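See structure below.
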Amino acid sequence: MTAGLLKRRKEAQAAMGIAYSCDKDKGVSYEVWAGVVTGNNWAEHVRRQVADPAWPAGDRSLTDLRLVSSNSSIGKAEMEEVVALYGAHPAKLAQGRAAVVAGKDFQLSPLFRIFTSRHGFRLIVFNDMLLACKWLGLDSNEAERSIAWLRAKLVAETNQQPQKSP
């Protein structure tokens, strides 16, 4: 593999994005963020999500932010946009619980309070997957497998995107 190809692959992986899946049998939605995620990426993701009749899968949601880049550009304005997008679909959020597992560089915790305070949605940010799964009543091994599958799907989708010319 050439150095140029390796560089482009690393750049593509750094700019991955967000993927989600719905497990109706277990009543849980999974979400993975990886690489650099922008406010536009997040808003587009939410538009896809709320339009999806399979989402949410139940009253529990597990989001893995452990591999999101600290270079991601999401601020208060982007959070407000996402709050408005979700807010237009209150029935999809009713009585829900969400666990967000974040890495040590996670800076959005105060912004997530905006979301929870406006919609009554119970969201807790954890730094440990096991604790997040326990709070949601999920088997942590099954959750990790679902997260790993989503992450692999995200990498595969990113690698299939046309590369920008240098």
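Some observations on this one:
- Among the listed pairs K92/K134; K26/K92; K24/K153; K76/K134, those whose Cα-Cα separation exceeds 21 Å are K92/K134; K76/K134.
- Between N159 and K134, the C-beta separation translates, for a Förster distance of 30 Å, into a calculated FRET efficiency of about 0.30.
- Antiparallel %, DSSP beta bridges [both residues in the range 16-157], to 5: 25 percent
- Under 5 Å, built H, 5+ apart or other chain: amide partners of V36: A15, M16, G17, S69
Just so you know, all these numbers are worked out from the coordinates, no wet-lab data involved. Remember, predicted model here, so these are calculated numbers, not experimental data. As a convention, Cβ positions derive from the backbone with ideal geometry for all residues, glycine included, and neighbour counts pool all protein chains shown.
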